[in-house]
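J.: Pasting in a structure now, in C-alpha cells, and then I'll have a few things to ask.
The values are calculated or read from the model by the stated rules, or taken from the named source; none is laboratory data. Fair warning: this is a prediction, and the values are worked out from it, not measured in the lab. Using ideal geometry, Cβ is built from the backbone for each residue, glycine included, and neighbour counts are taken over all protein chains shown.
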Amino acid sequence: MTSKDANKNKIACPICPHHCTLAPGEVGRCRARANDGETIIDINYGRLTSVALDPIEKKPLYKFHPGSWILSVGSFGCNLNCPFCQNFSISMADHTFKTQDVTPKELTELALDMSTKLRGNIGVAFTYNEPLISYEFVRDTSMLLHEVGLESVLVTNGMICEKPLMELLPLIDAMNIDLKAFHPEFYRWIGGDLETVKRTIELASQMCHVEVTTLVVPGANDSIVEMEREAEWLSSLSPDIPLHISRFFPRWRVNDRPPTPVATIYELVSTAQRHLNYVYAGNV
C-alpha cells in the first residue's frame, strides 16, 4: 500500500477526544484501539490482565450496594499518561502483555456463578486499567449482565466523547470517575482534558450512580482553593455525589515527591465537606 493509499484509508477513533487518526494496522495512543482496515476496533477485546473478587468499597463505591462484592476485571492500555499512575504495569502495556482471553458470555457466566456461590457477587466492575478504551467489550458484556440481573460498574478516568458515552450509559449502573484535578494545566500534564471529564461526570450523574475520586499529588493539585472550586462544582450537580480524596504515594515516574501528608488529606476533606454531604479520605 502506498502512503497515499494509507492516508486515504485513515479513520479517526470516535471514543475519546484524542480522536487518533489511524491508517490500517495503526494503533492509537491508548495502545488498545486500532484500524483493522475497515473500522476502529478494541484490540484488547476480552483480553484480561487482572481478575479479582473485590469489596465494592474498594472501587471505591461507598454508596452503591455497600457491603457487597463485585467481580473486578482489567485489560491493558489507557488514553491518559499519568506519570504517577498506580497501575502503570498494565495501563502502559500494549498487546504484547500476557492476557487471559474471555468472551462477554464467559465473563457473564462467571459473574453469575459467583453471585450464587461466592459471597453474593453483584456483577462486574471494569477497572484497573482504563475500561472505556475497551468500549465494545464493556458494551457487549454489560448487555448480557443486565439480561441476567447483574450490575455493570465502571472505574474510569472519564475521558470519553459525549456520543459514545450516551450510547453506553443505559447499560451502566454505577461509575467511579477520576477527577484528577480542577485546573486545565494538570490535565495537560497527563495528556487529558478537564472539560471532557466534567461533562462525563455531569451526564453520568443524571443516569446512574456516580462517585468521584481525586488523588492528591503534593505540589500539583493539593491547594485548598482548587478543592473548594471542585467541591462547589460537584455540589452544583448534586451535593449527594460522594467524593473520595485519596493520598498519593510515589509511583512510576514520580518518585521525587513524598506521600501526601495525612493532614493535607483531612484539610481537603474538611474543605469539600462545606459543599458535599459525603466526603471520604482514602489511602490514609
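J.: Do we have R229 as assigned to a helix (DSSP H, G or I) and either hydroxyl-bearing (S, T, Y) or over 21 Å from the mean Cα position of the chain (by Cα) (or both) here?
T.: The answer is yes for R229.
J.: Could you check Y128 against (1) under 20 Å from the mean Cα position of the chain (by Cα); (2) within 16 Å of L171 (Cα to Cα) and say which number it fails?
T.: (2)
J.: Still on this structure: Among the residues of the stretch 180-218, how many are among the hydrophobic types (A, V, I, L, M, F, W, C), in a helix (DSSP H, G or I) and within 13 Å of the chain's Cα centre (by Cα)?
T.: 3
J.: If the requirement is being part of a helix (DSSP H, G or I) and either over 15 Å from F137 (Cβ atoms) or of a type in the set (A, V, I, L, M) (or both), which of these qualifies: E38, E57?
T.: So the residue among E38, E57 that is part of a helix (DSSP H, G or I) and either over 15 Å from F137 (Cβ atoms) or of a type in the set (A, V, I, L, M) (or both) is E57.
J.: Filter the stretch 230-257 down to the residues that are farther than 26 Å from K63 by Cβ and of a type outside the set (K, R), then identify the one that is modelled with the highest pLDDT.
T.: Ranking the qualifying residues of the stretch 230-257, first place goes to P250.
J.: Out of all the residues in the stretch 181-191, is one or more within 22 Å of C78 (Cβ to Cβ), in contact with a His (Cβ under 9 Å, 6 or more places away or on another chain) and either modelled with pLDDT of 95 or more or charged (D, E, K, R) (or both)?
T.: Taking every residue of the stretch 181-191 in turn, at least one turns out to be within 22 Å of C78 (Cβ to Cβ), in contact with a His (Cβ under 9 Å, 6 or more places away or on another chain) and either modelled with pLDDT of 95 or more or charged (D, E, K, R) (or both).
J.: Consider V262 carefully, then state whether it is among the hydrophobic types (A, V, I, L, M, F, W, C), out of contact with any strand residue (DSSP E or B) (no Cβ under 6 Å at 6 or more places or on another chain) and at pLDDT 95 or above.
T.: When the stated conditions are applied, V262 passes them.
J.: For I40, which of the numbered conditions (1) crowded, with 18+ Cβ neighbours inside 10 Å; (2) of a type outside the set (G, A, S); (3) without any contact (Cβ under 8 Å) to a residue 24 or more places away in the chain fails to hold?
T.: Just one mismatch for I40, condition (3).
J.: Take the residues of the stretch 7-26 that are at pLDDT 95 or above and over 24 Å from L194 (Cα atoms): which is surrounded by the most Cβ atoms within 10 Å (Cβ to Cβ)? Working first, answer last.
T.: Going residue by residue through the stretch 7-26, those that are at pLDDT 95 or above are 10-26.
Keeping just the survivors that are over 24 Å from L194 (Cα atoms) gives 10-11, 22-26.
Working: K10: 13, I11: 18, L22: 21, A23: 16, P24: 15, G25: 12, E26: 14.
Step by step, filter the stretch 7-26, then rank; the result is L22.
J.: Now, a different point. Got at least one residue in the stretch 254-273 being under 19 Å from the mean Cα position of the chain (by Cα), part of a loop (DSSP other than H, G, I, E, B), surrounded by fewer than 21 Cβ atoms within 10 Å (Cβ to Cβ) and not polar (S, T, N, Q)?
T.: No, the stretch 254-273 has no match at all.
J.: Just one of F186, F182 is over 25 Å from V124 (Cβ atoms), buried (at least 22 other Cβ atoms within 10 Å of the Cβ) and in contact with a Lys or Arg (Cβ under 8 Å, 6 or more places away or on another chain); which is it? Show your work before the answer.
T.: Values: F186 fails: buried (at least 22 other Cβ atoms within 10 Å of the Cβ).
After applying the criteria, what remains is F182.
J.: Taking the condition of being among the charged types (D, E, K, R) and at pLDDT below 95, how many residues in the stretch 114-149 meet it?
T.: Selection size over the stretch 114-149: 2.
J.: Also, I was wondering about something else. Considering the stretch 155-179 alone, what residues qualify as being over 12 Å from N79 (Cβ atoms), touching a residue at least 40 places away in the same chain (Cβ under 8 Å) and part of a loop (DSSP other than H, G, I, E, B)?
T.: Those that are over 12 Å from N79 (Cβ atoms), touching a residue at least 40 places away in the same chain (Cβ under 8 Å) and part of a loop (DSSP other than H, G, I, E, B): D173, L179.
J.: Among the residues of the stretch 202-216 satisfying the criterion of being surrounded by fewer than 22 Cβ atoms within 10 Å (Cβ to Cβ) and not small (G, A, S), which is nearest to D240 (Cα to Cα)?
T.: The selected residue is H209.
J.: Kindly evaluate I172 against the criterion of being in contact with a strand residue (DSSP E or B) (Cβ under 8 Å, 6 or more places away or on another chain) and either modelled with pLDDT of 95 or more or under 22 Å from P66 (Cα atoms) (or both).
T.: yes
J.: Scan (1) surrounded by 15 or more Cβ atoms within 10 Å (Cβ to Cβ); (2) in a loop (DSSP other than H, G, I, E, B) for the single condition S72 breaks and write down its number.
T.: Failing condition for S72: (2).
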